[in-house]
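The values are calculated or read from the model by the stated rules, or taken from the named source; none is laboratory data. Keep in mind that this is a model prediction, so the values were computed, not measured. Neighbour counts run over all protein chains shown; Cβ positions are idealised from the backbone, glycine included. The protein model used for the area step is the full one, side chains on, heavy atoms only, and it has no ligands, DNA or RNA in it. Shrake-Rupley method; radii C 1.70, N 1.55, O 1.52, S 1.80 Å.
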Amino acid sequence: MSTIKGLTASQVNYDGSNLRVAIVHARWNTAVIEALVAGAVAKLKEKGVKESNIVIESVPGSYELPFAVSRMIPGSHIQAGSNVADLLGGLSFGAVSPKQPSRTNTPGPASGGLNQPFDAVIAIGVLIKGATMHFEYICESVSHALMKIQLDTGVPVIFGVLTALTDDQALERAGLGRGDNKGHNHGEDWGLAAVEMGSHVLLMGASGSGKTSMRSLIFSNNPASLTARLGATIDVEQNHVRFLGDLILNLWDCGGQDSFMDTYLSTQRATIFQQVGVMIYVFDVESREMNKDLEYYRDCLGWLRHYSPEAAVFLLVHKMDLVREPRQHTFEKKKQELQDASGDTEMTVFGTSIYDESLYRAWSNIVHTLIPNASILSKHLTTFGAACSATEVILFEKTTFLVIATSSSGSESPSSSSDFGDTSSIQLDGKRYERTSELIKAFKHSCSRVREDFRSLEMELNDFTAVLDEMTRNTYVMIIVHDPTIGLFIFGPRSQRLANGQGFSEVAALKLNIRLARRKFEELQSDSLVS
């Protein structure tokens with residue numbers, strides 16, 4: 001029977017090669033449990049998780065799962081920072097069966113990957129309703145307890161507890177159905193979920209540096225004038241931001257108060273700095289405690305390099321609007337200071353303000369590094385732009401209006417000031433992308449205030465034409481044309497060009513080109529989101 005249930009397959013191929021994942025399972029209903037555990041392990045391996053980084057433990061029943069998970073997470077942190085060989089500090093759980101031995105005595109730090117704390121934990125159990133209220137009590141208690149553990153620790157806990165009314169329901173959810181319908185092994189879904197939730201983007205900086213304001217401006221579409229009412233971040237605020245539809249940014253906004261920073265660098269460093277894809281560190285340009293800020297930064301950088309050596313580092317010198325002229329001199333001075341503090345670490349420094357386009361420039365570059373194979377989009381935008389006789393073509397993310405690709409023929413980042421296309425006789429502003437983002441987001445906000453939807457933008461002036469319209473369900477495209485002689489292009493394997501003299505205005509021709517290219521760019525976007 002067809003159903004709408006189940007995990008929707010993500011278009012992102014998440015890389016789990018650097019992840020360490022724990023599986024804790026009950027031993028009740030062993031036949032179903034073994035299939036679920038095997039399904040989870042198979043998907044973890046399929047996504048690149050090393051077998052040595054998959055730790056499997058068992059407990060008598062589902063009611064014991066929260067206790068075991070709550071012990072394993074801090075146990076892995078202790079192991080990561082010491083030579084303790086026993087993962088659970090002396091607490092030993094049983095094995096699932098002689099065929100599936102437990103991996104309790106995982107080696108200490110000397111063994112490479114096994115000294116890492118867990119990036120995710122999968123809790124697997126099978127509860128089948130009986131003749132008493134026992135079933136209801138355990139279901140509710142276990143569900144609430146596992147949710148509380150992941151919220152308290154910041155480590156994703158995948159809920160893999162089946163709550164079936166009959167034996168057949170449990171068997172079908174493990175792919176072991178007795179009839180023609182064998183069902184689907186949900187352990188596979190839990191393995192995929194663990195890999196997806198494993199890595200994160202780290203946003204750090206001293207309290208008051210402006211992290212919360214910039215996050216609100218970029219991801220919540222709030223205008224700069226409203227950010228003053230936002231409060232400071234307390235501890236770690238985690239946000240799973242959807243970008244390009246299926247690319248999920250697991251953003252950790254870390255409170256910058258001294259007490260929190262000290263905790264991050266001592267007892268929580270394995271949790272905070274493990275499996276980081278990007279660290280964004282924000283400095284207040286007018287901070288009166290720059291020496292302390294730099295000391296915290298150096299310590300954070302050291303632990304980042306220890307736990308996530310491949311992470312990209314971006315430094316934002318924020319609140320540049322408060323600097324008296326000349327701003328460029330102040331920025332260069334701060335940039336040199338940060339480079340000296342970073343040592344040999346490769347990093348990128350931006351001067352930013354929530355009141356101009358500089359914040360969009362910085363975040364466009366940051367997000368561009370998180371889009372796998374983004375150069376593919378730029379390549380095809382160049383082809384599309386040539387077909388339209390366009391000076392350049394820019395692709396914006398639909399929600400944030402950050403620049404994700406341009407019609408660059410090279411490998412420049414999306415906010416590069418280089419010119420694209422045949423622009424030898426055209427003077428282009430190096431800040432044009434970010435200014436466009438800023439203006440469009442402000443216009444969208446104005447539309448929302450009068451309860452109108454923003455759809456597209458068309459401009460026909462004496463020296464150029466610009467059209468902004470939806471390219472895919474998650475992007476907008478802007479085409480800039482200085483050449484009045486434009487052709488139509490059917491984007492695909494059977495491309496053909498039609499002359500402009502067939503009754504099409506310049507704007508109409510550009511909009512038709514966009515419509516014809518949409519299907520192809522939907523495919524390109526899906527193909528590009530492969531890590």
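Provide the net charge surrounding residue 191, with neighbours chosen by a C-beta distance below 9 Å and charges set as Lys +1, Arg +1, Asp -1, Glu -1. Before the final figure, lay out the partial values.
Numbers: positive: 43, 45, 47; negative: 46, 188, 189.
That sum, taken over residues with Cβ under 9 Å, equals 0.
Can you send over the carbon and sulfur percentage of the accessible area for region 199-370, probe radius 1.4 Å, protein chains only? Can you show the working numbers first?
Details: 3360 of 7350 Å².
Answer for region 199-370 is 46 percent, counting heavy atoms of protein chains only.
At a 10 angstrom cut-off on C-beta neighbours, averaged per residue, how do the peptides 206-216, 453-463, 158-168 rank from highest to lowest? Let's see the in-between values first.
Details: 206-216: 20.9, 453-463: 10.5, 158-168: 18.3.
Result, highest mean Cβ count within 10 Å first: 206-216, 158-168, 453-463.
For a Förster distance of 25 Å, can you work out the FRET efficiency between the beta-carbons of residue 356 and residue 257, rounded to the nearest 0.05? Please list the in-between numbers first.
On the way: r = 28 Å, r/R0 = 1.13.
Plugging the Cβ-Cβ distance into 1/(1 + (r/R0)^6) gives 0.35.
Kindly provide the Kirkwood hydrodynamic radius of region 199-370 in Å, to one decimal, from all pairs of distinct alpha carbon atoms.
Values: mean 1/r = 0.0617 Å⁻¹.
It is 16.2 Å.
How much area per residue is accessible in region 199-370 when the probe is 1.4 Å and only protein heavy atoms are counted (Å²)?
On the way: 7350 Å² over 172 residues.
With all protein chains present, region 199-370 gives 43 Å² per residue.
Quote the FRET efficiency, to the nearest 0.05, computed for residue 234 versus residue 140 with a Förster distance R0 of 41 Å and r equal to the Cβ-Cβ distance. Write out the running numbers ahead of the final one.
Values: r = 29 Å, r/R0 = 0.71.
With a Förster radius of 41 Å, E is 0.90.
Local charge sum around residue 458 (other residues, Cβ-Cβ under 9 Å, Lys/Arg +1, Asp/Glu -1)? Each step should come with its number before you reach the end.
Working: positive: 511; negative: 460, 469.
Here the count lands on -1.
What's the ranking of 318-329, 42-53 by average number of surrounding C-beta atoms within 10 Å, highest first?
Details: 318-329: 14.6, 42-53: 17.7.
Peptide ranking by packing, descending: 42-53, 318-329.
Give me the orientation-averaged projected area of the Cα convex hull of region 274-334, in nm², one decimal. Could the numbers behind the result be given before it?
Working: hull surface 17.9 nm².
Its average projected convex-hull area is 4.5 nm².
Net charge near residue 64, counting Lys/Arg +1 and Asp/Glu -1 over other residues with Cβ under 13 Å of its Cβ?
Numbers: positive: 27, 71; negative: 57.
Summing Lys/Arg as +1 and Asp/Glu as -1 gives +1.
Once the whole set of protein chains is in place, how much accessible area is left on residue 349, using a 1.4 Å probe, in Å² to the nearest 10?
Approximately 20 Å² for this residue.
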